[in-house]
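Novice: Got a structure for you, questions after.
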Protein chains: 2
Amino acid sequence: MSLPEQSPRARQDTRLDTWAGRYAARTHGTTASAVRSLFEVANRPEVVSLAGGMPNIADLPLDVIADNLAAMIGKEGPRAMQYGSGQGEPALREAITEVMRLEGIHAHRDDVTVTVGSQQGLDLITRIFCDPGDVVLAEAPSYVGALGTFRSYQTDVVHVAMDEHGLQPEALREALVGLQVAGRRVKFLYTIPNFQNPAGVTQPLERREEILEVAREHGLMVVEDNPYGLLSFSGEPIPAMRSLDADNVLYLGSFSKTFSPGMRVGWVLAPHAVREKLVLAQESATLCPPTFSQFAVTTYLTTCDWQGQVVSFRDMYRIRRDAMLEGLAEFMPAGTTWTRPDGGFFVWLTLPEGLDSQAMLPRAITSRVAYVPGSAFFADGFGARHVRVSYCYPPPDRIREGCRRLGEVLHRELDLHHTFGLDARDATTTPPLTRGPRANQS
Amino acid sequence: MSLPEQSPRARQDTRLDTWAGRYAARTHGTTASAVRSLFEVANRPEVVSLAGGMPNIADLPLDVIADNLAAMIGKEGPRAMQYGSGQGEPALREAITEVMRLEGIHAHRDDVTVTVGSQQGLDLITRIFCDPGDVVLAEAPSYVGALGTFRSYQTDVVHVAMDEHGLQPEALREALVGLQVAGRRVKFLYTIPNFQNPAGVTQPLERREEILEVAREHGLMVVEDNPYGLLSFSGEPIPAMRSLDADNVLYLGSFSKTFSPGMRVGWVLAPHAVREKLVLAQESATLCPPTFSQFAVTTYLTTCDWQGQVVSFRDMYRIRRDAMLEGLAEFMPAGTTWTRPDGGFFVWLTLPEGLDSQAMLPRAITSRVAYVPGSAFFADGFGARHVRVSYCYPPPDRIREGCRRLGEVLHRELDLHHTFGLDARDATTTPPLTRGPRANQS
């Protein structure tokens, strides 16, 4: 099996780009992400992809959804298919306040702005707050899509250490003090408190309170990204950071993991003055978020048992999480550690010393297993000893098979490593210390 | 009847904005557009709104659309509701190449990028090409939403004069020479060749060729925005600029006027290297454009007689255009001139000397007629003697009534003007010369 190559046509056309000298500075150095190239490979049926973050939506009640949407079109079609408000449809914003109440947030629909997925929420927040050279704080590691957006606005991302309870408040305080001394403008902290992407760890309540306390001390805005919060495998959800501090937290939510990513409906809950700027930015970016999708999501929320569906999603993902933890325990070589997520989609691996997940990836794909190398989740080149594996999309037996293949690849890498030692490249590119949570193998 | 005011809560919250000192430079000076405030007023049933640009989609075959979408969900739901390609769905891009063929464009689907309406196409093009201080050339007057996007990227818009055949090639050449002498970086020309928004004029074929010739001479990229091209009231469409020059034209298309704006599906056709940058920008902005909308549009295009529907849209809008031209001829005071659009949605009025359309607007709304003041369509404060009126949304009898009310307002303004003369404010704010096409009253 061979890797995908850029087509001759694509290469030629890039060389011949008439406008090569004309692009904005913000585009310099933007290239296709590792995740994007992987999606192409992951589509091949022979590969077990532990790479993607696609939710498994095959169990949605499609017949019921189809009937209810058809009825909605008959009744409200001319409004659902027309231009709408730049802020989003009032009925949907009302429903969103009810969704947020499940995680302890009490908010008014006037403070909600609908976005094209929460990715666009991130884009608009960065757009209204960040000038080139501003600093954004993010967990180490952090969501690859957020890092790409921060980079596209020419900000500098400074990573803050995590442990098995997520972002460390003391590390946050140290980073803020250091940046203040250096005279840097810090615009916000970006954090995923629940089942973090990629690390799979969750901030307990006390940890959230400590982080918010540090943020208030330093006048720091917190951007809380919570796509997975309702997909918890045990007990009640932990209160959102926004429920603990309404003034200093911008909250990002999404229907991509609880209903359908193809609708591209997410939202930002923000203090009133920030919300006004977000709506102006939304109008400039799209005039209005997709009205038809918004009516479709509202219809689903009001005509289907969406909370019952979330419970069945939880059960399905918990079984897959268990399959992955069992597969890792059975097949990983000694010296490999990983996190034990209590919800969401992802497990974060720390490989034995000397291995490089990026260099190893082509050999893994040849062995028909795909993952995302850890370096994708750092803005600063770290992460070579880490791997993100996801259990959201493949069924349990494929997850187990993926773990078996990954184990084989790692064993072979270690054999090579022990036989030939570190080669020159590995010695320079593998950082001496790992970063991010390293929960024990058990 | 009184005008809408900002609520006390909104005013207070804005004053108390905790983050007031933190916003990016690009947000400075962005405020709600005149068009946006007008939409609120226009929703009141007693007002005849000649302000908005909403298409009249009431005649779409909703029952058929509902059935066909329900069938699509049953068959392709898991793909339609999943994440998709950042470039857009291949089947839709293929269909888009067929739509463009109607205006003489031969293109490959690989060079099409789907966007959240063509507004997002504009946003992404500006994002990848424009640094702060770069110059964008645009017609005088030009589309208010484009001007807002150009401003949000901190570009300087330089307007180029039009006549009844649209943008003047000689004026374009002069602008380019002047900007070159001044050492300015010009990134592209933004133009709407068909039934221009707001002026309602169309570039004949020879004019398009002349403009493209000037552009090639000066290494200028042309961004051709064509939302109304298929809504022509007479004869065959004029070949798109993109059909005359595939290397130097980025083409923006949309389904908002031929099908449904609520889908938010537009596209950019661009040379390969530019397309690669657009897709990266799209992924950073939204991950992918709405998959569900794309499947819905594809379903409509492949299961309904969409071209027959466009023909019936044309007939409906032609009748409304005629109602407006008759109403203007009957009710406008002497000295008022206007354009005679051959398609699209808009007529551009030039008022008698001394009148100020922005100052007059509150009095017009009190008289239960709304329009967009000409100054909204200029980046440089001009346009006070102009008005955009649209005939797309109200039925013919309301259009006539709107013209009658507008005529009354203008007659009253002229009476005041003749009685009291120019007051000090009018003398300073009304430019001595009008700008934009002034086709004769007839």
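Novice: What number goes with the only condition from (1) within 12 Å of chain A (Cβ to nearest Cβ); (2) open to solvent by less than 20 Å² (accessible area, probe 1.4 Å); (3) assigned to a helix (DSSP H, G or I) that B:K187 does not pass?
Specialist: (3)
Novice: Can you pull out the residues in the stretch B:385-402 that are farther than 14 Å from B:V47 by Cβ, crowded, with 24+ Cβ neighbours inside 10 Å and either outside the structural domain of B:A364 (by the TED database) or touching a helix residue (DSSP H, G or I) at 6+ places or on another chain (Cβ under 6 Å) (or both)?
Specialist: B:H386, B:V387, B:Y391
Novice: Where the second residue is among the hydroxyl-bearing types (S, T, Y) and open to solvent by 40 Å² or more (accessible area, probe 1.4 Å) and the first is facing chain A (nearest Cβ under 7 Å) and outside any helix (DSSP H, G or I) and lies in the stretch B:62-74, which pairs have Cβ atoms under 8 Å and are six or more apart or on separate chains?
Specialist: none
Novice: Which residues, counting only those in the stretch A:259-273, are of a type outside the set (G, A, S) and buried (at least 24 other Cβ atoms within 10 Å of the Cβ)?
Specialist: Here is the first cut: in the stretch A:259-273, the residues of a type outside the set (G, A, S) are A:259, A:261, A:263-265, A:267-269, A:271-272.
Across the stretch A:259-273, the qualifying residues are A:F259, A:P261, A:M263, A:R264, A:V265, A:W267, A:V268, A:L269.
Novice: Consider the stretch A:89-122. How many of its residues are of a type in the set (V, I, T), away from chain B (no Cβ under 11 Å) and touching a strand residue (DSSP E or B) at 6+ places or on another chain (Cβ under 6 Å)?
Specialist: Count: 4.
Novice: When you scan the stretch B:200-294 for helices (runs of 4 or more DSSP H) that lie fully inside it, which ones turn up with 3 or more residues that are without any contact (Cβ under 8 Å) to a residue 60 or more places away in the chain?
Specialist: On the way: elements: B:205-217, B:241-244, B:272-286.
Ranges flagged: B:205-217, B:272-286.
Novice: When only residues in the stretch A:343-376 that are in a strand (DSSP E or B) and not aromatic (F, W, Y) count, which is surrounded by the most Cβ atoms within 10 Å (Cβ to Cβ)?
Specialist: A:V372
Novice: Would you check which residues across the stretch B:141-156 are open to solvent by 10 Å² or more (accessible area, probe 1.4 Å) and either out of contact with any strand residue (DSSP E or B) (no Cβ under 9 Å at 6 or more places or on another chain) or within 14 Å of chain A (Cβ to nearest Cβ) (or both) and list them?
Specialist: B:Y143, B:V144, B:G145, B:G148, B:R151, B:S152, B:Q154, B:T155
Novice: Step by step: first the residues of the stretch A:231-253, then only those that are open to solvent by less than 10 Å² (accessible area, probe 1.4 Å) and under 19 Å from A:L122 (Cβ atoms), then the one that is farthest from the other protein chains (Cβ to nearest Cβ). Which residue is that?
Specialist: So, considering only residues that are open to solvent by less than 10 Å² (accessible area, probe 1.4 Å) and under 19 Å from A:L122 (Cβ atoms), the one farthest from the other protein chains (Cβ to nearest Cβ) is A:A240.
Novice: Please verify whether B:G104 is of a type outside the set (V, I, T) and open to solvent by 20 Å² or more (accessible area, probe 1.4 Å), treating the condition exactly as stated.
Specialist: Yes; evaluated as a whole, the condition is true for this residue.
Novice: Please enumerate the residues belonging to the stretch A:123-140 that are in contact with a strand residue (DSSP E or B) (Cβ under 7 Å, 6 or more places away or on another chain) and surrounded by 23 or more Cβ atoms within 10 Å (Cβ to Cβ).
Specialist: If the condition is that a residue be in contact with a strand residue (DSSP E or B) (Cβ under 7 Å, 6 or more places away or on another chain) and surrounded by 23 or more Cβ atoms within 10 Å (Cβ to Cβ), then A:L124, A:I125, A:F129, A:C130, A:V136, A:L137, A:A138, A:E139, A:A140 are the ones that fit.
Novice: Now for a separate question. Give the stretch A:407-421 a look and list any residue that's out of contact with any Ser or Thr (no Cβ under 8 Å at 6 or more places or on another chain) and either outside any helix (DSSP H, G or I) or without any contact (Cβ under 8 Å) to a residue 60 or more places away in the chain (or both), or say none.
Specialist: Across the stretch A:407-421, the qualifying residues are A:R412, A:E413, A:D415, A:L416, A:H418, A:T419, A:F420, A:G421.
Novice: Being farther than 28 Å from A:E40 by Cα and not assigned by the TED database to the domain that holds A:V99 narrows it down to one of A:P362, A:P352, so name that one.
Specialist: Going through A:P362, A:P352 in turn, just one is farther than 28 Å from A:E40 by Cα and not assigned by the TED database to the domain that holds A:V99: A:P352.
Novice: Sticking with this one: Output the residues belonging to the stretch B:116-169 that are among the acidic types (D, E) and either closer than 21 Å to B:V214 by Cα or out of contact with any helix residue (DSSP H, G or I) (no Cβ under 6 Å at 6 or more places or on another chain) (or both). Can you show your working first?
Specialist: First, the residues of the stretch B:116-169 that are among the acidic types (D, E): B:123, B:131, B:134, B:139, B:156, B:163-164.
Selection gives B:D134, B:E139, B:D156, B:D163, B:E164.
The values are calculated or read from the model by the stated rules, or taken from the named source; none is laboratory data. What you are looking at is a predicted structure, and each value in this text was computed from that prediction instead of being measured. Note that each Cβ is placed from the backbone with ideal geometry, even for glycine, and that neighbours are counted across all protein chains shown. Areas reflect the complete protein model, heavy atoms only, side chains present, ligands, DNA and RNA absent. Shrake-Rupley method; radii C 1.70, N 1.55, O 1.52, S 1.80 Å.
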